[in-house]
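Structure first, then comments.
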Amino acid sequence: MRLILIGPMASGKSTIGRKLSKRLNLDFIDIDQEIEKSAGVSISWIFDVEGEKKFRERESKELLNSLRADNCVISTGGGVILTKKNRNLIKKGTVIYLETSVMIQLERTLNDKNRPLLLKSDNKEQTLKELKEIRDPLFEECANITIKEGKNSHNKVIDEIIDQLNLI
Ligand code: S3P
């Protein structure tokens with residue numbers, strides 16, 4: 001089994017992915033963490049110094065690497081679905097889309113210093129809305145399961161994912 005979590009920034013992919021992997025006794029891979037591990041620097045540093053294009057190259061490479069593993073849960077970064085190549089790679093797993101509203105994203109990223117796309121924005125709400133418009137159809141294109149997270153607790157989201165997996 002290979003479960004791949006997709007969704008916008010602050011949709012809970014990493015936290016839910018880690019907990020889900022424990023519940024199902026699977027390995028856990030977080031693409032953003034793998035990028036930081038192999039680069040030896042933070043994602044913010046990569047965006048600042050190398051730029052977004054280079055970050056996307058690193059992201060694609062780590063996504064490809066992660067797919068060597070089976071029996072795992074893979075959490076991705078919000079922009080991973082931007083290229084056709086990545087979307088085709090993602091479809092090699094069972095894809096779970098954590099749909100999240102801009103309002104919840106805003107609440108969760110209020111004091112965030114680790115998301116370069118928001119740090120450089122002077123209107124976070126507008127930025128998140130613009131990203132949503134472009135990315136939502138791409139998330140939907142890849143998703144086998146869509147979870148409307150709303151304000152549900154992470155544990156409830158995990159229960160819902162497991163229920164839905166049993167239906168496929
Ligand atoms: C990004 C989302 C981030 C991270 C990078 C770019 C994006 O991951 O990959 O800052 O393009 O939406 P999260 O979705 O975990 O915040």
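The values are calculated or read from the model by the stated rules, or taken from the named source; none is laboratory data. Every value quoted in this text rests on a predicted model; they were computed, and no experiment measured them. Note that each Cβ is placed from the backbone with ideal geometry, even for glycine, and that neighbours are counted across all protein chains shown. Just so you know, the surface numbers come from the protein's heavy atoms only, side chains and all, with ligands and any DNA or RNA stripped out. Shrake-Rupley method; radii C 1.70, N 1.55, O 1.52, S 1.80 Å.
Computed from backbone phi, the HN-Hα couplings of the stretch 60-73 come to 4, 5, 5, 5, 4, 4, 5, 7, 6, 8, 10, 6, 8, 10 Hz, rounded to whole numbers (Karplus: 6.51 cos²θ - 1.76 cosθ + 1.60, θ = phi - 60°; Gly and Pro given as x). Proximity of backbone amide H atoms, modeled 1.01 Å from N, is registered between Glu149 and Glu99 at under 5 Å, excluding neighbours fewer than 5 places apart on the same chain.
Summarising the amide proton neighbourhood of Ser75: residues at separation of 5 or more, or on other chains, whose placed amide H is nearer than 5 Å comprise Leu5, Ile29, Asp30, Ile31.
Provide the net charge surrounding Glu160, with neighbours chosen by a C-beta distance below 11 Å and charges set as Lys +1, Arg +1, Asp -1, Glu -1. Net of charged neighbours comes to -1. Among residues other than Asp48 with Cβ under 12 Å from its Cβ, the summed charge is 0 (Lys and Arg +1, Asp and Glu -1). Between Ile29, Gly78, Ile104, whose Cα lies farthest towards the positive end of the dipole of the chain when Lys and Arg beta carbons carry +1 and Asp and Glu beta carbons carry -1, centred on the Cα centre? Highest projection toward the positive end goes to Ile29.
Ligands, DNA and RNA left out, the 1.4 Å accessible surface of the chain is 48% carbon and sulfur atoms. Candidate cross-link partners of Lys37 among the lysines, defined by an alpha-carbon separation under 26 Å and a same-chain spacing of 8 or more, comprise Lys13, Lys19, Lys22, Lys53, Lys54, Lys61, Lys84, Lys85, Lys91, Lys92, Lys113, Lys120.
Met1 contributes an accessible area of around 100 Å² to the protein surface, as traced by a 1.4 Å probe with all chains present. Accessible surface for the chain, divided over its residues, is 53 Å² per residue with a 1.4 Å probe. Size descriptors for the chain, from the alpha-carbon set: Rg then Dmax equal 15.1, 45 Å.
Here the Gaussian network model covers the chain, with springs between Cα atoms less than 10 Å apart; of Lys92, Lys132, Lys19, Lys92 fluctuates the most.
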